[in-house]
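Working notes, structure below.
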Amino acid sequence: FTLNLMLRLSALQVLNDVITTQMYDHATIQAKEGRAVVNTMRCVMNIFQFSSQASTQWRQHVLLSTTFIDGATILLIQGHLKVLETLLQVNVVNVPIDVIRDLGIALKFMGFATYHMGQHGRAIRPMCSFIYNLLTLPIHRLMGNGAATGALRPMYVSFFQFLSNIDALAGDDVVEDSEDLIPELTSAEIRSAVHKFLANEVLGFAGHAELAAWHKRFTTSDPNTLVAEDSKTYQEIDAMFKTLLSQPKAEPTAVAPAATASAATVIADMPTLAKKSADTTAKKKKKKADTSKAAEAVTHVATGAPVLPKAASGNAAKFVCALGGNTMKVPVTSPYGHTYEKDAIEQWIATKGQVCPITGKPLKVSDLQPNKALQNEIMQEVIRESMTSAATQENDMYDF
């Protein structure tokens, strides 16, 4: 109901227009503006989590029919990154952990909206100058701060998962407007920057144990996280982790004192919170589809090697799709006893043919049976986890 109501009212676009108008009026992100953007992202992801129908279309609507991604979300990321860059140059002690956490939520949201969105997900790379800045941020200066280290890890894992979902290392010809890519956003440059970042900032200053913790978090299946493990980018980043971890262990490098601000960064060189021209806004909105077109199926094509479902235990094992590994919303069971997310198995049959992905035996869409009992179990578990998570959140009446 909430999903359909928000679609009819174009609520997300209205929220974006109101918030970005405020953001453009200030040189930096104000606390209330940042909180509004973060809570909107949480609300959007919660609607997806609790919806059992049209959930994929909801994500498509967010990406294709609104400017919330290339508006409020990217503005928040750019603004918070400029704060981090400045503070890391002059005063490491006062880096606000909330800024890092909000960045983590924003990057998770970017990954959420672009997961298996094909060319539409890849098309946003030219807008994401923050990719370069995240990979050149001197985070080693925070490695001695336990709270900061604990916040940086999930933030960067969400970032690498976002890169996987837009397949940033799959080449530049896969981007619709590849002529708009600045040099720092080409696949070759991002690949080099990711490797240097992991080798120098994480392994070099924090050591094997911390790098291994990053890798474990990156590759551990979280049913509530959407990550394209079948993408070339995911598999290349995974390989980078493994290669670096296979190197002989060495003592971490001592953290050097903060230096003077270095030369220009991509974000500093590009307009961020300044007023946009009417022409730029119009050009951006022309690329957006109306709601009806956004609901059309998006074709996903894997660019990496096939991915086998990961093992799970307890209730988690029966709640995840045997094909994709994510928590199911509309589970259907095959005659061979395997349970899949309805959209996932139907797309498999449409693209791979009428064959079971696990047994290799014949399988048609008409053979699949809805599993209502399991669907009810899953929803009860989702509600329980959501309430548990809410109890640990800050006491904010607007915190969704």
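Taken together, the values in this text are just the output of simple stated rules run on the coordinates, not laboratory data. What you see is a predicted model, and the numbers here were worked out from it, not measured in a lab. Heads up, the Cβs are rebuilt from the backbone with ideal geometry, glycines too, and the neighbour counts pull from every protein chain shown.
Using modelled backbone amide H atoms (1.01 Å from N, in-plane), which distant-in-sequence or interchain residues come within less than 5 Å of residue 355's amide H?
The list, which skips near neighbours in sequence, is 363.
Can you pull the Kirkwood radius for segment 132-201, inverse mean 1/r over Cα pairs, to one decimal in Å?
Kirkwood radius, segment 132-201: 13.2 Å.
Quick one: length gained pulling residue 367 to residue 26 fully straight, 0.36 nm per residue minus the C-alpha distance? If you can, show how the numbers build up before the last one.
Details: separation 341, 0.36 × 341 = 122.76 nm, distance 5.73 nm.
Going from the current span to full extension adds 117.0 nm.
First select every other residue whose beta carbon is under 13 angstrom from the beta carbon of residue 114; then total the charges, Lys and Arg +1, Asp and Glu -1. Intermediate values should be presented prior to the final figure.
Details: positive: 59, 108, 122, 125; negative: 70, 167.
Value of the local net charge: +2.
Would you mind checking 318/361; 82/242; 216/372; 249/318 for any pair whose Cα atoms are more than 28 angstrom apart?
82/242; 216/372; 249/318
Extension gain residue 209-residue 239, at 0.36 nm per residue separation less the Cα-Cα distance, in nm? Show your work: numbers first, answer last.
On the way: separation 30, 0.36 × 30 = 10.80 nm, distance 1.70 nm.
Working it through step by step, the gained length comes to 9.1 nm.
Quick one: pull the percentage of alpha-carbon pairs in segment 330-371 with a separation above 13 Å.
Tail fraction, whole percent: 42.
Looking at segment 109-217, which GluC sites (Glu not before Pro) are in a loop (DSSP not H, G, I, E or B) and have at most 16 other Cβ atoms within 10 Å?
Listed in order of number, the matching sites are 176.
Could I have the simple spin-label model distance between residue 381 and residue 318, label points 7 Å from Cα toward Cβ, reported in nm to one decimal?
For residue 381 paired with residue 318, the spin-label model returns 0.9 nm.
Near residue 331, within a Cβ-to-Cβ distance under 10 Å, what is the net charge of the other residues, with Lys and Arg +1 and Asp and Glu -1?
Working: positive: 318, 329, 342, 372; negative: 341, 377.
Its environment carries a net charge of +2.
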